[in-house]
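Every number here is computed from the coordinates shown, using simple stated rules; none is lab data. Predicted, not measured: the structure shown is a model, and the values here were computed from it. Positions of Cβ are generated from backbone atoms using ideal geometry, with glycine treated the same way; all protein chains shown enter the neighbour counts.
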Amino acid sequence: MTRRAVVTGVGHYLPERVVPNSEFEATLDTTDEWIRARSGIERRHFAAEGETTSDLAANAARAALADAGVSAEDVDAIVLATSTADLTFPSAATMVQAAIGMTRGFAFDVQAVCAGFVYALSNASALIASGQADKVLVIGAETFSRIMDWTDRSTCVLFGDGAGALLLEAQTGEGTTDDRGILATDLNSDGRYKDLLYVDGGVSTQSTGYLRMQGNQVFRHAIEKLARTAETSLERAGLTNDDVDWIVPHQANIRIIQGTAKKMGLGMDKVIVTVQDHGNTSAASIPLALSVGKQRGQIKPGDLIVTEAIGGGLAWGSVVLRW
Ligand code: ACO
């Protein structure tokens, strides 16, 4: 018998304002065609003035709790992945805790940029497996519009705001690959690549800063590292690429998503794609894609899912779970 972290609820929230690619044509030397062709992005959502990451996260958390039919008072922990928390401290997770009316348990943020959600899922799974928590809300939430340099066409057209959440609950499985829940994880980082993708400000430099990225260099690393981490997780679970029902990748660029699927020998009919509608929402992109994938009727109970992501650090990883 094995304690497993099983997904019992999923939900998401997107800010109201939708910004199509064409809006950038007025202020930047860019076109809708370039953005679509090079990234697959068609539109993204931007948070309203005064709308913060914890606001988006709390809405996604409420949706996941409603989906699971679980009350906030019964949640033991919140693990929130973000690089754009409202304040330096306290954590956005504690703000969500207060907003949803959870007065017990514990809450903390995880910061691994675009890989944040797989890091958060892996940590939440470990909390459940070790018996430290029975019900954990795992949230990815970002307001990357706040760290864009609006004069830099190579970055500001790529990112968006949003939040997604899963409720994980402890269930006892047989210890086989047929069990529901998280079956294996793989986390990696290599700080030698920290200059490929970073924000040029922070508390210690007394500024907020803007996102800076050598996109083509990140691209060079992405497909190989993503395919390898996905295969490592599958191997740890005792499964192969042929067992996969859905890849739910970090939604940064359709060319990376297609290249990774191809490297794994899987067709695009096995990939959940939302990048056209959300852009790159960093740590929010995987839970957003899981929630939309379920809404579309693609993801069904019992499906074997691999999530994978890479981002600033570089940090990358994957999670294999049965829905
Ligand atoms: N419109 C028009 N032209 C542009 C634009 C734009 N918006 N942006 C860049 N260009 C130009 C460049 O200036 C360059 O022009 P040049 O050849 O005259 O110098 C040309 O287009 C090609 O630029 P590249 O950067 O080589 O283009 P590429 O095909 O690599 O696409 C992109 C760029 C979309 C950024 C891609 O490299 C990418 O997606 N990289 C990975 C991003 C990623 O996955 N990041 C990790 C997650 S994010 C996180 O962790 C926060």
Gain on full stretching of the segment that runs from ARG296 to GLU25 - 0.36 nm per residue minus C-alpha separation:
94.4 nm
So, counting K/R as plus one and D/E as minus one, what does the shell of residues with Cβ under 11 Å around GLN298 add up to?
+1
Ignoring solvent entirely, what values of log10 I(q)/I(0) come out of the Debye formula for the chain at 0.13 Å⁻¹ when each Cα is a single scatterer?
-0.88
Under unit Cβ charges (Lys, Arg +1; Asp, Glu -1), what dipole magnitude, rounded to 20 debye, does the chain have relative to its Cα centre?
480
Anything over 26 Å Cα to Cα? Flag those among LYS135/LYS300; LYS194/LYS225; LYS262/LYS294; LYS194/LYS300; LYS225/LYS270, in the order listed.
LYS194/LYS300
Listed peptides 178-184, 228-234 by packing density, highest first (mean Cβ within 10 Å)
228-234, 178-184
Taking a crude spin-label model, label points 7 Å out from Cα along the C-beta direction, the LYS194 to THR240 distance in nm is 4.1
Euclidean distance between Cα centres, the stretch 74-147 to the stretch 281-306, Å
18
Trypsin sites (Lys or Arg not before Pro) lying in DSSP loop within the stretch 247-323, provided at most 13 other Cβ fall within 10 Å
ARG296
Taking every alpha carbon pair in the stretch 2-173, what does the distance histogram look like in 5 angstrom bins from 0, in percent?
1, 9, 17, 19, 17, 12, 9, 7, 5, 2, 1, 0
Could you work out the local net charge near VAL6, counting Lys and Arg as +1, Asp and Glu as -1, over the other residues with Cβ closer than 12 Å to its Cβ?
+2
Can you compute 3J(HN,Hα) from phi for each residue in the stretch 154-159, using the Karplus curve 6.51 cos²θ - 1.76 cosθ + 1.60 with θ = phi - 60°, rounded to whole Hz and x for Gly and Pro?
7, 10, 5, 7, 9, 10
Quick calc: nm separation of the 7 Å Cα→Cβ label points for TRP34 and PHE106 -> 4.8
